[in-house]
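Contents: one structure, followed by commentary.
Quick note: the coordinates plus some simple rules give every number you see, no bench work behind them. The model shown is predicted, which means the values in this text are computed figures rather than measured ones. As a convention, Cβ positions derive from the backbone with ideal geometry for all residues, glycine included, and neighbour counts pool all protein chains shown.
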Amino acid sequence: MWLSRMDSEMGLCEAISEYVQEWRRRKGRHSLASLVKQRVFQIACGYDEDQNDSDTLRQDPLLKMVCGSLPEGGPDLASQPTICRLENAATLLIVAGDNPQRLRSEACFASLCGVSPIEASSGKVVRHRLNRGGNREANRARCT
């Protein structure tokens, strides 16, 4: 409960959510602020960083209460796939923020993620292989 109170006073989760652009094409059940709050509190409570506990915790009364929902009868929190998409969006924003000059086109983004084709020809045979350079975290976020 103290963590929720501190967040309410400081507005940290709300401030973080303002920097994440809305990527969803449809209106989700959960606001970005509630997704960030759920994920921050899960990590603060020591749950796995791979979001596997999110499906179990979405009905946890204490986590629901610190996230601003009623413990009994309130709507469930976000599922694991939703939390995973939030983290993937954040990862891609971090990579793009670190390298804004490299994002001139889709080809540049593919190169940044390490999935662009590069020529691997020898003699008469023209072949291409996948570029294994690039940011591995961005590639993982792009694939999931």
Proxy exposure order for Arg26, Arg127, Arg58 (fewest C-beta within 10 Å first) is Arg26, Arg127, Arg58
For Lys37, the lysines lying under 28 Å Cα to Cα, once residues fewer than eight places off in the same chain are dropped, come out as Lys27, Lys64
Pairs of alpha carbons in the stretch 1-52 whose separation is greater than 14 Å (percent) | 57
Compute the FRET efficiency between Glu18 and Met65 as 1/(1 + (r/R0)^6), taking r as their Cβ-Cβ distance and R0 = 25 Å, and round to the nearest 0.05.
-> 0.55
Would you mind classifying the stretch 101-144 by shape? Square roots of the alpha carbon gyration tensor eigenvalues, ordered a ≥ b ≥ c; an a/c under 1.5 is rounded, otherwise it is prolate if a/b is larger than b/c and oblate if not.
-> prolate
Here, the stretch 31-95 modelled as identical Cα point scatterers in vacuum has Debye log10 I(q)/I(0) at q = 0.14, 0.21 Å⁻¹ of -0.36, -0.79
Could you give the size of the charge dipole of the stretch 1-112 about its Cα centre, using +1 on the Cβ of each K and R and -1 on the Cβ of each D and E, expressed in debye and rounded to the nearest 20?
-> 520
Estimated Rh, the chain: Kirkwood, alpha-carbon pairs, angstrom = 17.4
Averaging sequence separations of C-alpha pairs under 8 Å and six or more residues apart, then dividing by the length of the chain, give the relative contact order as a whole percent.
-> 17
For the stretch 48-105, with only Lys/Arg (+1) and Asp/Glu (-1) charged at the beta-carbon, what is the dipole magnitude about the Cα centre, in debye rounded to 20?
-> 460
Residue-averaged [θ]222 nm for the chain, counting only DSSP H segments that reach four residues, each worth -39500 (n - 2.57) | -15000 deg cm²/dmol
Low-density loop chymotrypsin sites (Phe, Trp or Tyr not before Pro), the stretch 1-85, at most 14 other Cβ within 10 Å, DSSP non-H/G/I/E/B, are Trp23
